[in-house]
Amino acid sequence: MGSRTISHHALRQRSERYRYAGIMRDQAVNLHLSEAHSSLARVIAVTSGKGGVGKTNVAANLAICLAGMSKRVLLLDADISLANVDVVLNIRGKYDISHVINGHKSMTDIIQPGPNGVQVICGASGLDKLADLSDGEQRDLLGHLSKLQQETDTIIVDTAAGISRSVVSFCLASDHVLVVTTPEATAMTDAYGMIKVLARKRYQGPISIVVNMARDVAEGKRTYQRIADVARKFLGRDLYFAAVLPWDDRLCTAVRSRKPVVLAYPNAQISSSLAKLAARLSDARRDGQVSGSFFRKVVKWWN
Ligand SMILES: Nc1ncnc2c1ncn2[C@@H]1O[C@H](COP(=O)(O)OP(=O)(O)O)[C@@H](O)[C@H]1O
Ligand SMILES: [Mg+2]
């Protein structure tokens, strides 16, 4: 009787275990399916009209803040004319995508580890050649790049300045474009020029303005408002306000000592504003995203 009770009990336990395993398996399947739906990293392009407005610093520091929030982040330096990200993050970028294209390196060889576990692809000059590759080569490379997009949560693209074809292609392929400007009239005019091109090309994602080197928050907000008003009136586009970042000598000191400002001076206002922006970006729902493989779209817009 005792043993029957025990075996009954054991049976019940076993069936419970199976039921539990079944639930777990179903959950795993569900999880897998939901992951499959949202497995592509969100791509944020950091751009501007004018050079020297702070794109690289914004991109690198945002990447570090996002990585600090347990996001898997890839920082792609798409400025092929100037070495940038490697300087700000003190990374020795010996290899780039061109080395993958010519078959000398694999994708994992060219990714450099940055602060907080940010993965960095330095001065991606090879991306310039994507459009010139044969169909087979293009397919292979895009396969590698798309895999990267599946293995990260966010890709931050630091673009070159100006409205060249390659910069515009990167922006059009992104889920979100951050346009960096300063309160200076020329920077604002050039920022608007970039926004105009994106609007004309019917970019669907959100466009947000970061005002850098502002004397104070009021000046930064005025700068945003002026660009936003013109874009609304002449392009029928709403621009989002992303952040006002103050002029801060400590950023220059940080750059000179090759340390990102959010790590060198975490308590500076510029660092907390960057952290706040990163938090907002990471919270942002994926609404309005362009969706699909970023790198495939870069090539599509390029051609
Ligand atoms: N908020 C700021 N305060 C002070 N100097 C800044 C600020 N942002 C950028 N700078 C200066 O401008 C330089 C260029 O910044 P960078 O991020 O390389 O611009 P971009 O990538 O747009 O060319 C930096 O090295 C730094 O000296
Ligand atoms: Mg730059």
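The values are calculated or read from the model by the stated rules, or taken from the named source; none is laboratory data. Since this is a predicted model, take the numbers as computed values, not measurements. Backbone-built Cβ (ideal geometry, glycine too); neighbour counts: all protein chains shown.
Among the listed residues A191, A173, identify the single one that is surrounded by 16 or more Cβ atoms within 10 Å (Cβ to Cβ) and within 16 Å of ligand 1 (Cβ to nearest atom).
Being surrounded by 16 or more Cβ atoms within 10 Å (Cβ to Cβ) and within 16 Å of ligand 1 (Cβ to nearest atom) holds for just one of A191, A173, which is A191.
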Wholly within the range 161-279, strands (runs of 3 or more DSSP E) carrying at least 3 residues that are free of Cβ contacts under 8 Å to residues at least 60 places away in the same chain and assigned by TED's automatic domain parsing to the domain that holds L127 = 207-214, 240-246
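Within the range 112-146, how many residues turn out to be of a type in the set (S, T, Y) and either free of Cβ contacts under 8 Å to residues at least 12 places away in the same chain or not assigned by TED's automatic domain parsing to the domain that holds V261 (or both)?
Going through the range 112-146, the residues of a type in the set (S, T, Y) turn out to be 125, 134, 146.
Next, from what is left, pick out any that are either free of Cβ contacts under 8 Å to residues at least 12 places away in the same chain or not assigned by TED's automatic domain parsing to the domain that holds V261 (or both): 134.
Final tally of qualifying residues: 1.
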Criterion (closer than 19 Å to T108 by Cα and away from ligand 2 (no atom under 12 Å from the Cβ)) met by exactly one of V85, V73 = V73
Condition test on I121, is it modelled with pLDDT of 80 or more and in contact with a strand residue (DSSP E or B) (Cβ under 7 Å, 6 or more places away or on another chain)?
-> yes
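Does any residue of the range 37-46 turn out to be at pLDDT 90 or above, within 26 Å of A187 (Cα to Cα), near ligand 1 (Cβ under 9 Å from one of its atoms) and crowded, with 23+ Cβ neighbours inside 10 Å? If you could, list the steps in order and put the result at the bottom.
Here is the first cut: in the range 37-46, the ones at pLDDT 90 or above are 41-46.
Subsequent filtering for residues that are within 26 Å of A187 (Cα to Cα) retains 43-46.
Keeping just the survivors that are near ligand 1 (Cβ under 9 Å from one of its atoms) gives 46.
Add one more test, that the residue is crowded, with 23+ Cβ neighbours inside 10 Å, and what stays is 46.
Looking for residues that are at pLDDT 90 or above, within 26 Å of A187 (Cα to Cα), near ligand 1 (Cβ under 9 Å from one of its atoms) and crowded, with 23+ Cβ neighbours inside 10 Å, one finds at least one in the range 37-46, hence yes.
Within the bounds of the range 159-167, is there any residue that is β-branched (V, I, T) and farther than 15 Å from K297 by Cα?
Looking only at the range 159-167, we keep the residues that are β-branched (V, I, T), and these are 159, 163, 167.
The next check asks that each one be farther than 15 Å from K297 by Cα; those that pass are 159, 163.
Checking the range 159-167: at least one residue is β-branched (V, I, T) and farther than 15 Å from K297 by Cα.
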Selection count, the range 82-131, where residues are polar (S, T, N, Q), within 21 Å of A161 (Cβ to Cβ) and not in a helix (DSSP H, G or I) = 1
Of the conditions (1) in a loop (DSSP other than H, G, I, E, B); (2) within 13 Å of ligand 2 (Cβ to nearest atom), A60 fails just one. Which one is it?
-> (1)
Checking D175, D132, D109 in turn, the sole residue that is at pLDDT below 95, closer than 30 Å to E219 by Cα and charged (D, E, K, R) turns out to be D175
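Those residues that are surrounded by 16 or more Cβ atoms within 10 Å (Cβ to Cβ) and out of contact with any Ser or Thr (no Cβ under 8 Å at 6 or more places or on another chain), I need them from the range 200-218; list them, please.
Here is the first cut: in the range 200-218, the residues surrounded by 16 or more Cβ atoms within 10 Å (Cβ to Cβ) are 203, 205-214.
Within the range 200-218, Y203, P206, I207, S208 meet the criteria.
Residues L245, L235, L274: which one is buried (at least 18 other Cβ atoms within 10 Å of the Cβ) and either farther than 14 Å from T181 by Cβ or among the basic types (K, R) (or both)? First the steps, then the outcome.
Numbers: L245 fails: either farther than 14 Å from T181 by Cβ or among the basic types (K, R) (or both); L235 fails: buried (at least 18 other Cβ atoms within 10 Å of the Cβ).
Just a single option satisfies the conditions, and that option is L274.
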Is it true that L281 is under 28 Å from V168 (Cβ atoms) and at pLDDT 95 or above?
-> no
In the range 87-116, which residue that is within 14 Å of L74 (Cβ to Cβ) and β-branched (V, I, T) is surrounded by the fewest Cβ atoms within 10 Å (Cβ to Cβ)?
-> T108
Give me a count of the residues in the range 284-303 that are modelled with pLDDT under 70 and among the charged types (D, E, K, R).
-> 3
Is the range 132-149 home to any residue that is within 21 Å of V43 (Cα to Cα) and assigned to a strand (DSSP E or B)?
-> no
Sole miss for V211 among (1) away from ligand 1 (no atom under 13 Å from the Cβ); (2) in contact with a helix residue (DSSP H, G or I) (Cβ under 6 Å, 6 or more places away or on another chain) is condition (1)
